[in-house]
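Worksheet for the structure shown next.
Just so you know, all these numbers are worked out from the coordinates, no wet-lab data involved. Computed from a predicted structure; not experimentally measured. Cβ placement follows ideal geometry from the backbone for every residue including glycine, while neighbour counts extend to all protein chains displayed.
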Amino acid sequence: MKFSFLLALLAAPFAARAAVDLPTLWAERAKTCVAVEYVTVTETERQPTISMGTVIDANGTIIMQSGAIDPRAATWQLKEFKVYLPGDADGTPAEYLGQDAFTGWHFVRASEKIRAQLKPITAFAAKGGKSPVPALADFAWGVGLRNKDEDFAPYLMQSHVALIQSLPQRTAISQQEVASPGLPVFDRDGVFIGLAQASFGQSFLQFGRNPRPQPVVLINVEESSAVQLADEILPYLNRIPKDVSGRPLAWLGTYGLEPMDREVAKYLKLETQSGAVVSEVLENSPAEKAGLKERDIILALDGKPLPPLKPDRIVVSYLEREVDRRAPGDPLTITVLRGSDRLDLKVTLGEEPKILREADRKYYERLGFTAREFVYGDAIDRHVKIAETTGVVAHFVKGSSPAAVAGLRPDDWIKEIDGTEVKTFADATAKLAEIEKDAMRAEFVLLVSRGAETAVLRVKLK
Amino acid sequence: MNRGFNQLLDAVVRIDVREVAFEAGSKRYSASIGSGVILTADGLVLTNAHVASNRAIELNVTLANQERVSAKLVGWDHWTDLALLRIDMADVKKRSLKFAHADFGDSKKLFPGEVVFAVGTPYGLSRTVTRGIISNNNQYLEDLQGVNGYETGLFNTWLQTDAAINPGNSGGPLVTEDGKVIGISTRGFNGANNLGFAIPSATAQRVVEGLVHDGVITRSFIGVVLGALQDLESFYSLALNTGVLIHSVEPGSPAATAGLRASDILLAVNGAKVVGRFPEEIPDIQNLIASQPVGATLKLTVKRGADTRDYSVVTEKLESRVGEEWALEKWGLSVRKVSRTYAREKQLDDANGVVVIGVQPGFPADVAGLSRGDIIMKINEQPVGSLDVIKAAQSAFDAKPAPTLFEVQRSRRVSLVILKP
């Protein structure tokens with residue numbers, strides 16, 4: 001009797017395992033996976049891009065990794081979003097909702113037509129709201145989608161957990177690739193355990209004619225073995241941007257946060273404390289107003305010491321995330337080491353000034369370049385005071401165009417047009433529009449600055 | 001050939017140079033060969049700055065009669081790529097050695113097509129004469145890294161010749177048929193046929209005088225880059241052959257402080273009219289500014305838009321972008337002083353600090369994570385205002401090895417690193 005009881009105990013888990021049929025679980029969960037295609041329209045080109053995304057709710061909302069869209073592209077340049085179901089040849093139009101600064105995710109919404117065929121990842125979250133944290137050697141599997149020419153056919157990938165790290169998000173690294181970047185990963189029972197990220201580079205040696213092998217780093221862009229755990233995903237699915245701009249964006253206003261390594265901490269008698277050195281405090285920023293100074297070493301946020309993270313530079317991502325997590329107007333107490341003093345600085349976070357992708361632009365077909373509004377970030381890059389800023393930036397220069405022949409290059413800072421200072425974007429566009437439409441014009445002159453150099457460029461139109 | 005030419009041949013020497021470089025975190029020695037010409041009976045030898053510079057630690061001159069004597073550097077000037085040596089005359093006397101010396105001709109009287117000869121020791125071959133003509137007597141050629149990383153060609157134009165000039169010819173004379181030195185063979189174009197360039201004797205004579213007198217050539221600097229006005233006259237409403245374009249103004253320079261801006265037209269310096277319609281005319285204007293005393297107040301007449309007015313600009317001493325170098329061998333660290341020009345170019349607050357130009361793998365500097373291009377601003381909280389500061393820090397480290405804190409700037413990002421024993 002006693003013996004058979006023991007047997008029953010042993011048999012129970014086996015019975016539960018046996019009921020799990022991986023192909024069935026896989027087929028059901030592949031419905032959380034889609035491919036998203038969009039076109040970036042530039043002055044002269046149309047660039048199609050495809051990324052993978054995971055469905056997060058019953059409204060057909062889809063998240064994609066931050067790398068899915070070029071951060072320099074203005075949102076109005078992103079067109080013709082389409083969602084493809086696994087095995088779908090045609091795709092259906094979708095809407096781009098914007099990017100969330102904290103998670104970095106891009107949100108896309110599928111059209112109503114196909115929503116019934118989608119399944120949100122939340123349907124496979126652990127019951128009771130507590131997501132399982134995989135242990136080392138645990139089995140994990142995920143979904144991959146083939147390329148467009150194979151109709152994004154879904155396939156199964158399997159692996160085991162090899163390492164769990166904070167980057168600073170908790171991330172499981174599996175032994176082999178376990179899913180396409182942006183697609184979910186599950187445990188043996190089909191419970192959602194995380195989302196595959198952009199994969200890591202792997203070092204190889206390349207042998208050629210040269211007797212010395214060349215070290216190369218290869219990145220598998222189609223499959224990944226880095227999986228951000230479910231606890232880093234599920235609580236944030238509600239961060240759908242209110243509008244496509246992704247604003248509001250919290251802003252601290254430091255430039256060049258550099259991690260403090262362990263040796264330096266020891267030297268400064270900070271022992272195991274993590275920290276980040278502030279290289280510059282930006283003009284008119286919340287950090288400046290709160291009294292943060294360059295060379296301060298940030299040690300804690302809201303009284304919470306910066307966690308020890310490896311590699312050292314992860315502490316910078318941690319800091320940036322702690323700002324992005326908050327909203328403009330939120331208070332943040334920053335503890336810094338200045339010389340031998342420890343100071344608590346009370347910052348009220350601000351709203352990030354206009355960023356590059358939001359800058360106004362205008363393309364002049366005949367002249368062959370795009371003038372872009374000079375924004376805050378341009379002043380930072382060029383190391384000039386905000387009050388001294390003037391002019392516009394050459395955002396794009398068409399090859400062999402009059403502007404290109406004259407020597408204009410992307411990122412050149414245009415300060416004068418035809419000998420007149422252009423103070424604002426409106427000044428510049430008024431002048432350029434006049435030149436563009438004057439068919440009799442034989443040439444015009446730009447004064448541009450590039451690095452520490454300034455040059456006079458003559459643009460010949462005839 | 002006439003007597004003058006034969007005498008010239010006896011004045012041409014081969015120069016063997018052993019020099020030190022600091023690039024890879026250590027002092028590295030290398031040897032090279034150039035040519036030179038003896039100018040005086042007391043043993044002054046003219047050669048190129050890229051042959052003999054302040055990096056030279058040993059100079060040997062092989063006379064025309066194959067006898068070898070040592071020499072010392074009198075001075076060098078990378079802007080014109082010229083250097084002056086003096087032969088060890090005590091040794092010459094003791095050994096009763098004989099040599100001839102050459103005379104300068106007038107490079108201003110040369111005409112394209114005139115026959116000239118290049119004499120030197122190409123590839124270390126013993127004295128070699130090649131013949132050609134003056135291809136161009138006023139060629140403009142500037143190179144911001146032309147003399148072992150130093151700027152050259154801003155203050156002179158060049159003689160161009162098709163006489164064969166090969167490596168090792170550098171520093172040898174370019175002469176007319178009567179053996180008069182009208183140029184110093186300096187460079188060729190790699191991969192081109194018969195495009196050789198020589199420093200004209202008019203420039204060389206001036207530089208020799210200065211080096212004999214002071215050991216250095218001191219020039220003034222105001223921080224403008226000039227550009228030719230060709231074809232822009234109508235845009236600026238100027239008569240032809242009037243003024244020169246101010247192509248750019250170095251931020252923080254005397255010209256910038258005085259209020260000059262790029263696209264201004266410089267009409268006159270201290271009342272003397274300047275004309276920079278073509279690139280070849282620019283070195284003369286640069287030279288006019290450079291030859292003013294350091295600290296002098298120049299009156300620049302400048303046209304901006306419709307207005308013409310005078311600006312007062314106080315000159316600074318001209319400095320190379322390349323600062324003094326040193327290797328801290330125990331740290332495996334090579335550094336170069338941040339120069340004023342470098343600081344302005346990189347938009348640094350001031351010229352404090354030293355730039356890392358090389359590290360030796362596995363040595364303390366490398367282990368600490370220092371790398372090429374980093375600017376060391378402070379060591380143990382002390383600003384690095386000169387090479388002496390970092391040399392002293394290394395001596396202290398040698399005497400009593402202890403972790404040393406470096407503040408490093410890397411493209412405007414500030415890091416702290418510890419150098420460990």
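Tabulated values for the structure
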read-out: Rounded to 10°, Cα long-axis angle of helix A:314-324 versus longest principal axis of chain A; value: 80 degrees
read-out: Under-26-angstrom lysine pairs by C-alpha in segment B:1-215, whenever the two are 8 or more apart or on separate chains; value: 8
read-out: Cross-link reach list, lysines versus residue A:460, counting only Cα pairs under 17 Å and skipping chain neighbours closer than eight places; value: A:398, A:431, A:437
read-out: Residue-averaged beta-carbon neighbours from other chains (10 angstrom radius) around A:447-457; value: 5
read-out: For the protein assembly as shown, share of DSSP beta bridges that run antiparallel, in % to the nearest 5; value: 100 percent
read-out: Inter-part distance where segment B:353-412 and segment A:19-43 are each reduced to a Cα centre, Å; value: 53 Å
read-out: Relative pair counts by distance (%), Cα atoms of segment A:359-460, 5 Å bins; value: 2, 14, 26, 29, 17, 7, 3, 1
read-out: Cut-off under 5 Å, modelled amide H: who pairs with residue A:424 long-range; value: A:391
read-out: Semi-axis lengths, Å, segment A:28-121, gyration tensor of Cα atoms, sqrt of 5 times eigenvalues; value: 22, 15, 10
read-out: Peptides ranked, highest mean first, by Cβ atoms within 10 Å: ranges B:114-121, A:184-191; value: B:114-121, A:184-191
read-out: Gain in span if fully extended, residue A:430 to residue A:236, counting 0.36 nm per residue against the direct Cα distance; value: 65.4 nm
read-out: Distance between segment B:51-104 and segment B:181-199 - C-alpha centres, whole angstrom; value: 22 Å
read-out: Computed E for residue A:437/residue A:59 - FRET, C-beta separation, R0 60 angstrom, nearest 0.05; value: 0.80
read-out: Candidates B:35, B:26, B:411, ranked by Gaussian network fluctuation over chain B, Cα under 10 Å, top entry; value: B:411
read-out: Number of partner chain Cβ atoms within 10 Å, mean per residue of A:415-423; value: 2
read-out: Two-decimal Rg/Rh across segment B:1-215, once Rg and the Kirkwood Rh are taken from alpha-carbon atoms; value: 0.95
read-out: In Hz, Karplus ³J(HN,Hα) per residue of segment A:341-357 (6.51, -1.76, 1.60; θ = phi - 60°; x = Gly, Pro); value: 9, 9, 10, 9, 10, 9, 9, 9, 4, x, 9, 4, x, 3, 9, 3, 6
read-out: Packing-based order for A:203-209, A:340-346, using average beta carbon neighbours within 10 Å, highest first; value: A:340-346, A:203-209
read-out: Kirkwood Rh and Cα Rg combined as Rg over Rh, evaluated for segment A:250-351; value: 0.94
read-out: Helix A:425-437 vs. chain A, principal-axis angle (Cα, 0 to 90°, nearest 10); value: 70 degrees
read-out: Rh by Kirkwood over Cα pairs, then Stokes-Einstein D for segment B:325-419 at 1.567 mPa s and 4 °C, µm²/s; value: 99 µm²/s
read-out: 5 Å binning of all Cα-Cα separations within segment A:384-443, expressed as whole percents from 0 upward; value: 4, 17, 22, 29, 18, 6, 3, 1
read-out: Relative contact order (%) - criterion: Cα under 8 Å, at least six apart; region: segment A:250-351; value: 31 percent
read-out: Two-decimal Rg/Rh across segment B:39-106, once Rg and the Kirkwood Rh are taken from alpha-carbon atoms; value: 0.97
read-out: Gain on full stretching of the segment that runs from residue A:80 to residue A:95 - 0.36 nm per residue minus C-alpha separation; value: 4.6 nm
read-out: Inter-chain shielding of A:252-259 (mean C-beta neighbours from other protein chains, 10 Å cut-off); value: 3
read-out: Fraction in percent of alpha-carbon pairs per bin - 5 Å, segment B:262-378; value: 2, 10, 14, 14, 13, 11, 9, 8, 8, 6, 4, 1, 0
read-out: Neighbourhood net charge (15 Å Cβ-Cβ; Lys/Arg +1, Asp/Glu -1) for residue A:133; value: -2
read-out: Segment A:82-146, relative contact order in percent, only Cα pairs under 8 angstrom and at least six apart counted; value: 20 percent
read-out: Cα→Cβ-extended label distance, 7 Å offset, between residue A:220 and residue A:164, nm; value: 2.3 nm
read-out: Sequence-separation-based contact order of chain B, relative, with Cα cut under 8 Å and 6+ spacing, percent; value: 12 percent
read-out: Share of pairwise Cα separations in chain A, more than 33 Å, in percent; value: 52 percent
read-out: Loop-located GluC sites (Glu not before Pro) in segment A:28-57 whose Cβ has at most 13 other Cβ within 10 Å (DSSP); value: A:45
read-out: Cα-based Kirkwood hydrodynamic radius, chain B, one decimal, Å; value: 23.5 Å
read-out: Which of A:285, A:254, A:370, positive extreme of dipole for the protein assembly as shown (C-beta unit charges); value: A:254
read-out: Principal axis dimensions, the protein assembly as shown - Cα atoms, whole angstrom, descending; value: 125, 73, 58
read-out: Trypsin sites (Lys or Arg not before Pro) within segment A:34-117: DSSP coil, no more than 13 neighbouring Cβ in 10 Å; value: A:72
read-out: Efficiency of FRET from Cβ geometry, residue A:405 and residue B:297, R₀ 45 Å, rounded to 0.05; value: 0.60
read-out: Qualifying GluC sites (Glu not before Pro) in segment A:243-314, DSSP loop, other Cβ atoms within 10 Å at most 16; value: A:271, A:283, A:294
